[in-house]
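For reference, the structure discussed in these notes is given below.
The values are calculated or read from the model by the stated rules, or taken from the named source; none is laboratory data. These numbers come from a predicted model, not from an experiment. Neighbour counts are summed over all protein chains in view; Cβ atoms, including those assigned to glycine, are modelled from backbone coordinates with ideal geometry. Ligands, DNA and RNA are stripped out before the accessible areas are found, and what is left, the full protein with its side chains, is counted by its heavy atoms. Shrake-Rupley method; radii C 1.70, N 1.55, O 1.52, S 1.80 Å.
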Amino acid sequence: MTTLYRIASYAAFIILAGMLIHLMNASYLEPTYLGFVDKAKDYGDMAKIQNAIEACSLDALQLCSFKYSGFAHMVNGMLFMLLGVAVRQMFGSSNPVISQLCFVAGLVAGFGFLLTGISDIPGTAYAGLLRELNPEHNAAILLMTTMIRGIVNMLAITGLGWFAAFTGYAVLTSGVFSKWGAYYGYILLLPGLGGLVNPIFGFMYIALVLPWLFWLGMQFSKAAKS
């Protein structure tokens, strides 16, 4: 299992890098260059969404935050599924039921992030073709794609919250891994569950997940060495 745990460690750190991209986009690039200042309203403004999609170019890379997030979401989605496999293997003997729940939650999170990325990249390209051929439905198509992306992204955030919480429980009941990250994992339930009530609460996960991913990567790295 050394190879699996080493790959899981790399996966956690790559996901961490992807989350840093999201954080940079949300906190700097999008409010500075694309006008997304009020997160409760601006992401529902289809004129701003259209501008963010169409403004990206090789000579204006600061306007390409939507594409950066899209590719990061696709990579993160596939790697979250791998983390689900690694956590199931790690705790399969000490806590078989929780390890299976970790696996399922990892799949849900991974599937949600992967679908978010697919919505961002090929989905946006397909929507662009539809908008070009059906200009009278431009706003409706933008609304449709934005709605779909928001739903699958919330699926990802909820899955992530449960994955972190189940992993934390498995750690605390098995004695494997350090405990601070296990307790911290329960914090990630807040955006996961809060987002089911109001999506604004769900977006808190971007900053909260960073220490947990660093902890998870370090724990799998230690497991691979031992």
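Specify the angular offset, from 0 to 90 degrees and rounded to the nearest 10, of the alpha carbon long axis of helix 2-24 from the longest principal axis of the alpha carbons in the chain.
For helix 2-24, the angle is close to 30 degrees.
Output the relative contact order of the chain, whole-number percent, from Cα pairs under 8 angstrom with separation of 6+ residues.
Result for the chain is 25 percent.
In deg cm²/dmol, rounded to 500, what helix-only [θ] at 222 nm does the chain give when every DSSP H run of at least 4 residues adds -39500 (n - 2.57) and the total is split over its residues?
When only DSSP H runs of four or more count, the value is -26000 deg cm²/dmol.
Using Cα positions and a limit of under 13 Å, work out the aspartates and glutamates in reach of LYS67, with same-chain residues fewer than 8 apart set aside.
Within the straight-line limit of under 13 Å, LYS67 reaches these aspartates and glutamates: GLU30, GLU54, ASP120.
With every protein chain left in place and a probe of 1.4 Å, what is the accessible surface of ILE21, to the nearest 10 Å²?
Around 60 Å² of this residue is reachable by solvent.
Over the stretch 24-179, with every protein chain in place, what whole percent of the accessible area is carbon and sulfur at 1.4 Å, could you tell me?
Heavy-atom surface of the stretch 24-179 belonging to carbon and sulfur, 1.4 Å probe: 69 percent.
Of the listed values (i) 0.96; (ii) 1.02; (iii) 1.15, identify the label whose number matches Rg/Rh (Cα atoms, Kirkwood Rh) calculated from this model.
(ii)
Taking only protein heavy atoms and a 1.4 Å probe, what accessible area per residue, in Å², does the chain have with all protein chains in place?
47 Å²
Under 21 Å Cα-Cα from LYS225, which lysines qualify once same-chain neighbours fewer than 8 residues away are excluded?
Here the lysines satisfying the reach criterion relative to LYS225 are LYS179.
Just to be sure I understand the model, the point goes 7 Å from the Cα along the line to the Cβ. What's the resulting ASN51 to SER178 distance in nm?
For ASN51 paired with SER178, the spin-label model returns 4.5 nm.
Treating the angle as unsigned and between 0 and 90°, give the value, to the nearest 10°, between the Cα long axis of helix 122-133 and the longest Cα principal axis of the chain.
Around 10 degrees separate the two axes.
How much of the accessible area of the stretch 184-226, probe 1.4 Å, is carbon plus sulfur, in whole percent?
76 percent
To the nearest 10 degrees, how steeply does helix 96-120 sit against the main Cα axis of the chain, on a 0 to 90 scale?
20 degrees
Among 118-126, 40-48, what's the highest-first ranking by average C-beta atoms within 10 angstrom per residue?
118-126, 40-48
Using only alpha carbon pairs under 8 Å that are at least six residues apart, calculate the relative contact order of the stretch 93-197 and give it in whole percent.
35 percent
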